[in-house]
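Have a look at the structure below, then the notes.
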Amino acid sequence: MAFYEFTTIIRPDVPTTTVETVSGKIADMVKKHKGKIIKTEQWGLRTLAYAIKKHRKGYYTLHGLQLNDASAVNELEYAMKLSDDVIRFMTVKVDEISKEPSAILKAKARAEEAELMGPQA
Amino acid sequence: MAMEPLPARRPNDKSKGKGKGKGKFSKGPRKEGTDGGFKKDAKYSPRLLGKAYFQRRRGCPFSGPKATKIDYKDVRMLSKYLSDLGKILPRHLSGVCAAKQGELATAIARARMLALLPFVLKADPAAEREQRNERIAARVARFAERDAQRARATESAE
């Protein structure tokens, strides 16, 4: 029993439903291996710090997973490798998955708030 | 009490302290005259060197009770430990302890993998453009000079 953070970046020039399709695929695979999806975070369309496969932006998704065996991770990564929509993915083994929104989402909320407050100030 | 000369006071000699300071670095009552003559070969404890000695010492931001967590997703925190070119700052500048510097490096590596942080940042593009323009101008001037020289050479040959 181990916890993983599985982040994927999906190319920006696909219909937005692709994000859900990929998430669905991951969910199916996790289910097959009797794992659990503890949380899912959509970071939305972000600008990449550098171009990946000539893309400057990408849809980020973070999955907090609880899996029983490493073979599930292998299978997930293999599927992501074959997928044309996923331009980058990363699995990180973590001690626990916090229920709170991650730093990225907090930063996003902060930026949105600043935008709202902007005209007033 | 005999009036024999006082033994040299070592900084760790707590038995002779006034019992006011709790730790090694606590501010004890300063002895008069200790700041005055700075002797080269004498042993000076941090306490004798005064406040300036401590002002530069900041603890590791990732250790201790109020430590920030090192997280590869926290771009804002990680970018504090990058140089202008996107390199990881050395420990002697950031004050991070050795163990945490390792963790920090791993976190930055992960953030770079996810394109949250860059591997390299270009130095100021405007300045770079200016430099390039200067280089080009210099080259053009060199070429012009060379052409002029050649022209002169052919002229003298004729």
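The values are calculated or read from the model by the stated rules, or taken from the named source; none is laboratory data. These numbers were taken from a predicted model, which means no experiment stands behind them. For neighbour counting, all protein chains shown are included, and Cβ atoms are generated from backbone atoms with ideal geometry for every residue, glycine included.
Among A:61, A:21, which is the only one that is away from chain B (no Cβ under 14 Å) and of a type in the set (Ser, Thr, Tyr)? Walk me through how you get there before you give the answer.
Details: A:61 fails: away from chain B (no Cβ under 14 Å).
Every option except A:21 fails the conditions.
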State all residues of the range A:1-13 that are in contact with a helix residue (DSSP H, G or I) (Cβ under 9 Å, 6 or more places away or on another chain) and surrounded by fewer than 16 Cβ atoms within 10 Å (Cβ to Cβ); if no residue qualifies, say none. A:2
For residue B:131, are the conditions met, namely being in a helix (DSSP H, G or I), modelled with pLDDT of 90 or more and not hydrophobic (A, V, I, L, M, F, W, C)? no
Scan the range A:18-61 for residues that are among the β-branched types (Val, Ile, Thr) and in contact with a Lys or Arg (Cβ under 9 Å, 6 or more places away or on another chain) and report the count. 6
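Among the listed residues B:122, B:73, identify the single one that is buried (at least 19 other Cβ atoms within 10 Å of the Cβ), of a type in the set (D, E, K, R) and within 14 Å of another protein chain (Cβ to nearest Cβ). Full working, then the answer.
Values: B:122 fails: buried (at least 19 other Cβ atoms within 10 Å of the Cβ).
That would be B:73, the only listed residue that is buried (at least 19 other Cβ atoms within 10 Å of the Cβ), of a type in the set (D, E, K, R) and within 14 Å of another protein chain (Cβ to nearest Cβ).
Can you name every residue in the range A:93-106 that is surrounded by 16 or more Cβ atoms within 10 Å (Cβ to Cβ) and either facing chain B (nearest Cβ under 10 Å) or without any contact (Cβ under 8 Å) to a residue 40 or more places away in the chain (or both)?
Keep residues of the range A:93-106 that are surrounded by 16 or more Cβ atoms within 10 Å (Cβ to Cβ), which gives A:97, A:102-105.
Listed by number, the residues that qualify are A:102, A:103, A:104, A:105.
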